[in-house]
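Asks: The structure under discussion is supplied below as structure tokens; questions concerning it will follow.
Rule-based calculations on the coordinates, nothing more; no lab input. The structure presented is a predicted model; accordingly, all values stated were derived computationally and were not measured. With ideal geometry, Cβ positions are generated from the backbone for all residues, glycine too; neighbour counts draw on all protein chains shown.
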Amino acid sequence: MAENFERLYRAFGRLVICLGLLAGAITFAVMWLIDANALMRKFFNEPVPGSFEITEAALVIIVFFSLAYTQHMRGHIRVTLLTRHFPLKVRHALFILAMLIGAALSAWYAYAAYTYAHRSYLINEQEWGVITFVVWPIKSTIAIGLALLSIQFLLDAIRHCFVAAGKLEPVRDEP
């Protein structure tokens with residue numbers, strides 16, 4: 001059973017790594033857009049049309065598509081000042097509890113973001129600026145990113161149950 005779960009865990013990991021790479025590529029594209037915008041202003045006194053709106057939307061994608069990736073790579077901040085002195089069984093239990101709390105809170109946030117995006121879809125909310133675009137797809141990425149983070153937390157909790165039982169090896173920075 002642990003081997004089957006590990007396959008699922010790695011498959012989900014590949015998905016969040018792809019989304020993390022997409023967020024990185026979008027970050028790179030935004031960097032070039034900002035450079036182009038600055039050069040256009042300097043030399044032609046004319047900005048790139050819609051650069052502010054594009055950057056604004058891209059930042060949402062960059063942040064929320066990176067959350068599950070960062071959790072999968074163990075990149076979020078952890079403070080182990082107290083817990084590193086606890087017995088191993090207690091550290092396992094606390095780690096699993098923290099992952100379950102993270103999963104529950106992220107799921108709650110994802111649901112709230114989904115209702116926010118759905119309302120935006122129903123009223124056809126639009127961003128008005130140099131360019132006009134509908135907002136619900138960008139708001140939906142918040143819900144998707146938080147849902148993926150919730151799933152990653154849950155998978156980490158389940159995987160760590162196997163680690164605590166001695167069926168799987170711990171991933172870096174796990175008790």
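Asks: Just to check I understand the Karplus step: with θ = phi - 60° and J = 6.51 cos²θ - 1.76 cosθ + 1.60, what whole-Hz values come out for region 145-155, glycine and proline as x?
Replies: Using θ = phi - 60°, the values come out as x, 5, 5, 5, 5, 4, 5, 4, 4, 5, 4 Hz.
Asks: Ok, one more. Averaging over every viewing direction, what projected area does the convex hull of the Cα atoms of region 11-143 cover, in nm²?
Replies: Details: hull surface 43.8 nm².
Over all viewing directions, region 11-143 projects a mean Cα-hull area of 10.9 nm².
Asks: Per residue of region 65-70, in order, report the coupling 6.51 cos²θ - 1.76 cosθ + 1.60 (Karplus, θ = phi - 60°) as ³J(HN,Hα) in whole Hz, putting x for Gly and Pro.
Replies: Each residue of region 65-70 in turn: 7, 8, 4, 5, 4, 4 Hz.
Asks: Further, regarding this structure: Given an 8 Å cut-off on Cα distances and at least 6 residues of separation, report the relative contact order of region 2-164 as a percent. Provide the component values of the computation, followed by the final result.
Replies: Details: 168 pairs, mean separation 49.2, N = 163.
In percent, rounded to a whole number, it is 30.
Asks: Starting from the Cα of M1, step 7 Å along the direction of its Cβ; do the same at E169; then give the gap between the two resulting points in nm.
Replies: Here the answer is 2.3 nm between the modelled labels.
Asks: Here's something else I'd like to know. Quick one: 3J(HN,Hα) in Hz for region 31-44, Karplus 6.51/-1.76/1.60 with θ = phi - 60°, rounded, Gly and Pro as x.
Replies: 4, 5, 5, 5, 4, 4, 5, 5, 5, 5, 5, 5, 8, 10
Asks: Evaluate the charge dipole of region 2-164 about its Cα centre and quote only its size in Debye, nearest 20, assuming +1 on the Cβ of each Lys and Arg and -1 on the Cβ of each Asp and Glu. Kindly include the intermediate steps, with their values, before the conclusion.
Replies: Working: 13 positive and 9 negative charges, 159 e Å.
Approximately 760 debye in magnitude.
Asks: Going by average Cβ density within 10 Å per residue, which order do the peptides 37-49, 95-107 take, highest to lowest? Write out the running numbers ahead of the final one.
Replies: Numbers: 37-49: 12.0, 95-107: 17.2.
Descending mean neighbour count gives 95-107, 37-49.
Asks: Another question, if that's okay. Skipping prolines and chain starts, which residues have an amide H placed within reach, meaning under 5 Å, of the one on F133, given they are 5 or more residues away or on another chain?
Replies: It is E127, by chain and number.
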